[in-house]
Each structure stands twice: as C-alpha cells, then as structure tokens.
Amino acid sequence: MKQIAATAALAVFLGACSGGPETFKEVDQLVAALQDGGVECTNVHTGGGAQLVKESGSCAAAGQALSLFLFSSEKDRDDWLQVGGSFGSEVVGPNWVVIAPDGAAAKEVAEALDGEVGGDE
C-alpha cells in the first residue's frame, strides 16, 4: 500500500514539473517567454487591466502586432474569451491569451509558449 501511495505522489510531482504552458504574473514575463521561444517581441507596451483582464500589453513580432492579455485565473480567461467571442487567431495558455494577426503567427506563438491555437486559424 505504501508503494502505491508513493507512486501516486511521484506521478503528481512529475506532472507538476512536466512541460506545458507556463503561467505569468506580468506581461513582461510573457514577452520574455516569447523571446526565449524564438519570437522577437519588440516595441513592447504594457497597460493596466480591465474587467476580467489583470494586465494587458502589445508588441511587434515580424512587423505584426501581437496583443497580450493576462488573467488572475483560468475562469477569468475563459469568461473573457466567451464574452468577446472569437478574436481571430488567439493562442491560449493557463492564465494568458495572445491575439495574433493570422494563423501562421498564432502557430509560431503557440510553439514558443506551448499554448493552444483557437479561433480562426
């Protein structure tokens, strides 16, 4: 029985340590992760939040604008996405959304951040 409990605890620990999309506390962290993932994000502007949005920002990637949004929770993110409908080519992570100008840019962002592409690809 102890071995089963230890195996279950190890599985939970490894699951928590495995890859997957990160959560971010600030837009600057999201920008840094994009750059670490190979997406050059320049001309960065950060701003305050709005209803459901903890912090927002934007940057230019390959001459195209990316809109960046952070949320306090997955529920806030999901509510925001539901209220706004499809914004186009959005990339979604645990507490963030990046709106890209097109499907190709969204796929690049998704690869850099390990996020999921939604909306119009």
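The values are calculated or read from the model by the stated rules, or taken from the named source; none is laboratory data. Please read these numbers as outputs of a predicted model, since none were measured by experiment. Because the Cβ atoms are built from the backbone with ideal geometry, glycine has one as well, and the counts that use them run over all protein chains shown. Note: areas computed on protein heavy atoms with side chains; ligands, DNA, RNA excluded. Shrake-Rupley method; radii C 1.70, N 1.55, O 1.52, S 1.80 Å.
Suppose the filter is touching a Leu at 6+ places or on another chain (Cβ under 9 Å), under 21 Å from Asp102 (Cα atoms), open to solvent by less than 40 Å² (accessible area, probe 1.4 Å) and not in a strand (DSSP E or B); does Leu66 pass it?
The answer is no for Leu66.
Criterion applied to Glu108, Glu40 was being open to solvent by 20 Å² or more (accessible area, probe 1.4 Å) and in a helix (DSSP H, G or I), and the one residue passing it is Glu108. Selection of first residues in region 62-85 that are touching a residue at least 12 places away in the same chain (Cβ under 8 Å) and more than 12 Å from Gln51 (Cα to Cα) and of second residues that are open to solvent by 40 Å² or more (accessible area, probe 1.4 Å) and of a type in the set (A, V, I, L, M), restricted to Cβ pairs under 9 Å at least 6 apart or on distinct chains, gives the following pairs, ordered by first then second residue: Leu68/Val44. Against the test of being of a type in the set (Ser, Thr, Tyr) and in a strand (DSSP E or B), the options Ser56, Ser72 yield a single qualifying residue, Ser56. Taking the residues in region 75-91 that are assigned to a strand (DSSP E or B) and farther than 13 Å from Leu34 by Cα as candidates, determine which candidate is modelled with the highest pLDDT. My answer is Glu90. Just so you know, in region 90-105 the residues that are of a type in the set (Gly, Ala, Ser) and under 21 Å from Gln29 (Cα atoms) include one that is surrounded by the most Cβ atoms within 10 Å (Cβ to Cβ), and it is Ala100. Residues that are under 17 Å from Ser73 (Cβ atoms) and open to solvent by less than 60 Å² (accessible area, probe 1.4 Å) within region 22-37 comprise Phe24, Val27, Leu30, listed in sequence order.
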